[in-house]
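S.K.: For reference, the structure I am asking about is given below.
The values are calculated or read from the model by the stated rules, or taken from the named source; none is laboratory data. These numbers were taken from a predicted model, which means no experiment stands behind them. With ideal geometry, Cβ positions are generated from the backbone for all residues, glycine too; neighbour counts draw on all protein chains shown. When the accessible area is computed, the model is the full protein with side chains, heavy atoms only, and any ligands, DNA or RNA have been set aside. Shrake-Rupley method; radii C 1.70, N 1.55, O 1.52, S 1.80 Å.
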Amino acid sequence: MSRIAVSYMHGRGLIFDAEDYLKLRYEHRIVGNLIGVPVSHPRNVNQQGMPVALSTCELKLLLDSQLIRLVDTNGALQRAPSDEEVDTYVRMVERQKEELHMPVVEKRLEAFRKHLPKIIDGKRKKLLKTGVKAEDIHLDAEQLVDEERTRIMHEKFDAMVQIPLKYPLPFECSLELSSDETVKYRVFKSLWHQGGFITTGDAFGCDFLLYPGDPMYFHASHMVHVMQNGIRQTFDVKYLIRVCRLSVVVNKLCVLAYIDEGTDEVQFETLEWEGNAANKGDTF
């Protein structure tokens with residue numbers, strides 16, 4: 001299975017092909033963020049279109065799953081090519097020339113075969129004039145065709161070389177995460193394996209939003225806050241009140257996610273505002 005090419009530009013991954021994006025969304029529950037405008041409604045600020053920007057966690061998950069390859073076009077064009085890349089490009093150009101050369105060769109051979117009886121007769125007459133006896137003349141048609149092919153192959157023809165419309169050489173790059181990003185990614189990966197859809201939670205002041213289905217049809221059910229220093233860190237009471245009250249106002253569950261120091265596994269704690277627990281759905 002070929003991996004989807006994701007362009008890495010300005011510190012984020014971008015998908016420009018709609019079919020690639022729909023495959024990631026419907027088959028792998030990767031939502032991303034539409035940051036362009038629809039081609040049919042370029043002045044409509046209420047609708048977003050291609051390309052799609054993927055978060056760092058989404059990129060890392062897809063890379064680890066061997067579903068995408070991260071390509072850095074800008075980086076490849078801003079540096080001098082290596083000797084290996086130059087050799088690869090030269091071989092690619094030579095292969096193109098050969099592909100253009102072969103139709104010309106076949107056309108010349110077709111004309112040669114068409115006139116082959118006359119050519120054989122002409123060669124026979126020449127040999128007779130040089131004193132060769134008729135019974136000693138043996139002209140093989142296939143041998144003559146092979147000799148003509150060899151001769152044509154060494155001839156030079158004018159050819160048009162295709163100029164690449166995009167960078168023709170492989171230019172994959174890797175993705176490095178900081179310690180804080182690594183913790184967020186581990187939480188994201190754990191949530192993703194539990195099912196549902198995940199988006200960034202910037203609009204609600206959290207790290208992730210969880211959806212029971214596609215965000216086009218469902219509202220988020222959980223707000224996830226990643227605790228970088230674990231659950232034993234000193235909590236600000238106002239912070240806890242703030243995140244809990246916010247989750248109540250927007251009708252969602254508040255989840256604290258962290259890496260357990262003892263087991264080194266991702267753990268989740270659900271916070272409920274007193275009096276609202278009976279009115280909520282499932283918790284972690």
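S.K.: Would you mind working out the accessible area per residue for the chain, using a 1.4 Å probe, and quoting it in Å²?
M.R.: Dividing the accessible area of the chain by its residue count gives 66 Å².
S.K.: Could you give each residue of the range 144-151 its phi-based ³J(HN,Hα) in whole Hz, using Karplus coefficients 6.51, -1.76, 1.60 with θ = phi - 60°, and x for Gly or Pro?
M.R.: Going residue by residue, I get 5, 5, 5, 5, 5, 4, 4, 5 Hz, with x marking Gly and Pro.
S.K.: Same structure, new question: Counting other C-beta atoms within 10 Å, and keeping those with at most 15, which DSSP coil trypsin sites (Lys or Arg not before Pro) do you find in the range 98-143?
M.R.: Hits after loop and neighbour filter: Lys133.
S.K.: In this model, which of Lys184/Lys238; Lys166/Lys189; Lys23/Lys184; Lys97/Lys118; Lys129/Lys156 are farther than 28 Å apart at the alpha-carbon?
M.R.: Correct reply: Lys166/Lys189; Lys97/Lys118; Lys129/Lys156.
S.K.: Could you work out what % of the accessible surface of the chain is carbon and sulfur, using a 1.4 angstrom probe and leaving DNA, RNA and ligands out of the count?
M.R.: 52
S.K.: Calculate the dipole size of the range 1-156 relative to its Cα centre from +1 charges on Lys and Arg beta carbons and -1 charges on Asp and Glu beta carbons; express the result in debye to the nearest 20.
M.R.: 600
S.K.: While we're on this one: Under the classification rounded if a/c is under 1.5, otherwise prolate if a/b is larger than b/c and oblate if not, where does the range 135-248 fall, given a ≥ b ≥ c as square roots of the Cα gyration tensor eigenvalues?
M.R.: Prolate is the answer for the range 135-248, as a/c is 1.5 or above and a/b outweighs b/c.
S.K.: Once you put a point 7 Å from the Cα of Gln228 and another 7 Å from the Cα of Glu272, both along the Cβ direction, what distance in nm separates them?
M.R.: Using points 7 Å along Cα→Cβ, the separation is 3.2 nm.
S.K.: Oh, and also: Scan the range 115-204 for chymotrypsin sites (Phe, Trp or Tyr not before Pro) in coil per DSSP, keeping those whose Cβ has at most 16 other Cβ atoms within 10 Å, and list them by number.
M.R.: Those that pass, being in a loop and sparsely packed, are Phe157.
S.K.: Right, next: With Cβ to Cβ distances under 14 Å as the rule, what net charge do the other residues near Asp17 carry (K, R +1; D, E -1)?
M.R.: With Lys, Arg at +1 and Asp, Glu at -1, the net is +3.
S.K.: Where the only charges are on Cβ atoms (+1 Lys, Arg; -1 Asp, Glu), what is the dipole of the range 140-223 about its Cα centre, to the nearest 20 debye?
M.R.: I would put it at about 620 debye.
S.K.: Would you mind finding the longest exposed-site-free stretch of the chain, with exposed GluC sites (Glu not before Pro) meaning DSSP loop and at most 13 other Cβ atoms within 10 Å?
M.R.: In short, 1-154.
S.K.: For the range 252-274 and the range 93-159, write down the distance between their C-alpha centroids in whole Å.
M.R.: Each part reduced to its Cα centre gives a spacing of 80 Å.
S.K.: What length, rounded to one decimal in nm, is gained on full extension from Asp64 through to Lys118, with 0.36 nm per residue of separation minus their alpha-carbon distance?
M.R.: Result: 12.8 nm gained on full extension.
S.K.: Let me ask you something else. Pairs of alpha-carbon atoms within less than 8 angstrom and 6+ residues apart define the contacts here; what relative contact order does the chain have, in percent?
M.R.: 14
S.K.: Across the range 204-218, in residue order, what do the Karplus-derived ³J(HN,Hα) couplings come to in whole Hz, using 6.51 cos²θ - 1.76 cosθ + 1.60 with θ = phi - 60° and x for Gly and Pro?
M.R.: Result, ordered by residue: 10, x, 10, 8, 9, 10, 9, 10, x, x, 4, x, 5, 10, 10 Hz.
S.K.: A further question on this structure: Give, as ranges by residue number, the residues of the range 4-48 whose backbone N falls under 20 Å from the point 7 Å along Cα→Cβ of Glu85.
M.R.: 5-14
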